[in-house]
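The structure under discussion appears below in the form of structure tokens.
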Amino acid sequence: DKPRVAFIGLGNMGGPMAANLVGAGYAVTGFDPSPAAASTAAEAGVTLAGSASAAAQDAQVVITMLPSGKHVLDVYEGRSGDAPVLAAAAPGALLVDCSTIAVDDARAAADAARAAGHRAVDAPVSGGVGGATAGTLTFMVGAADADLEAVRAVLEPMAGRVVHCGDSGAGQAAKICNNMILGISMIAVSEAFVLGERLGLTHQALFDVASTASGQCWSLTTNCPVPGPVPTSPANRDYAPGFASPLMAKDLGLAMTAAETTHTGTRMGELAAAIYREFASGDGAALDFSAIIGAIRDEQNE
Ligand code: NAD
């Protein structure tokens, strides 16, 4: 018998994820305060509840897909006028947070869940709305070994890959470390293309060299920031995301919070975080993160 699932946060990611659980035969009760998000999920077969705690009532699995750590902790502990989800869920429930949140918040959420007698898992994702819809997300899982089998079973309908990264917080740690590489490497690739332009080098020539040489990376060979060499990259469709710049800015911000609390020197990460923060609050607000090449092109080194 499949466990009953509560799904809290039915937005761009949570909506299609919940729909894939329904498609796999799970009974899913969901909540989202946004009427638009809720009704889209209802059309996909999610049973709507009037609050997060009502959705979680007697649920054996509670999945959250929320904007930030504060949202997750508020929902778990009932700090936004609603009853605590942790009190409503069935005893020993599996609490799976798929949101991207600070490592410290993930550990605090797991501690609170365990103190309430539940099993806690952080399982942030990569793959974006496309992966959520197709059921091919990569889940980065922080969980106790004993819970892994149950976690894999419930994530399977939404997943392409499930990687066990360690205990609570390790999934979030893996996510922000990966995305710090991504943010820095996209800036590096973009600066190289702009410098190449000024040196009279064609995009294709630089691509042909770097994509098969030591400059090779995902930012170049999959999400190439100039149109042409990789026809499927966002640059070929006016930088429609893809992975939107504000989400990159958010993830780099979380990485810098973690760098601060662990006293880690991350100079490139800090620079990338500042560059994306500025871009995301201006021209880049609705664009893929590879559109950063436009900001770099505009910048003159006097
Ligand atoms: P979104 O804003 O579309 O969805 C979040 C939803 O949470 C909204 O519908 C909002 O109404 C709802 N919500 C807010 N407070 C709530 C509450 N108390 N109870 C229930 N629902 C509540 O965001 P999204 O794109 O779906 O992202 C969700 C999370 O996934 C974020 O942490 C984001 O960083 C992460 N993420 C997003 C992507 C992406 O490409 N969109 C990729 C990977 C990870």
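Bear in mind that the values in this text are calculations on the coordinates, not laboratory data. No experiment lies behind these values; they were computed from the predicted model shown. Note that each Cβ is placed from the backbone with ideal geometry, even for glycine, and that neighbours are counted across all protein chains shown.
Figures for the structure shown
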quantity	calculated
Cα gyration tensor category, rounded, prolate or oblate, for the range 1-140 with a/c compared to 1.5	rounded
Whole-Hz couplings from phi, Karplus 6.51/-1.76/1.60, listed for the range 116-121; x for Gly and Pro	8, x, 9, 9, 10, 9
Trypsin sites (Lys or Arg not before Pro) within the range 76-158, DSSP loop, no more than 14 other Cβ atoms inside 10 Å	Arg79
Cα-projected label distance for Leu201 with Ala188, points at 7 Å along beta-carbon direction, nm	1.4 nm
Cα extents of the range 255-302 along the three principal axes, largest first (Å)	34, 29, 15
Gained length - Arg161 relative to Ala24, 0.36 nm times residue gap less alpha-carbon distance	47.7 nm
Using a Förster distance of 22 Å, the FRET efficiency for Lys70-Ser34 (Cβ separation, nearest 0.05)	0.80
Debye intensity ratio in log₁₀ form over the Cα atoms of the range 134-198, taken at each q of 0.17, 0.21, 0.23, 0.28 Å⁻¹	-0.67, -0.83, -0.92, -1.11
Environment charge of Pro67, counting only residues whose C-beta is closer than 14 Å and scoring Lys/Arg +1, Asp/Glu -1	-3
Positive dipole terminus of the chain, leading residue within Ala249, Met140, Gln60 (C-beta point charges)	Gln60
Cα gyration tensor shape of the range 173-298, rounded if a/c is under 1.5, else prolate or oblate by comparing a/b with b/c	prolate
Dipole magnitude of the chain, debye to nearest 20 (Cβ charges: Lys/Arg +1, Asp/Glu -1, about Cα centre)	360 debye
Paramagnetic reach from Ala54 (point 7 Å along Cα→Cβ, amide N under 14 Å) across the range 79-111	82-83
Projected label distance in nm at Ser211 and Asp1, using a 7 Å step from Cα toward the beta-carbon	5.4 nm
Hull shadow area, averaged, the chain [alpha-carbon convex hull, nm²]	16.7 nm²
Sites Ser80 and Ile181, calculated FRET efficiency, Cβ-Cβ separation with R0 41 Å, nearest 0.05	0.75
Residues of the range 165-188 with amide N under 18 Å of a point placed 7 Å along Cα→Cβ from Glu299	180-188
Summed side-chain charge close to Ala295 - residues other than Ala295 whose Cβ falls under 9 Å, Lys, Arg +1, Asp, Glu -1	-3
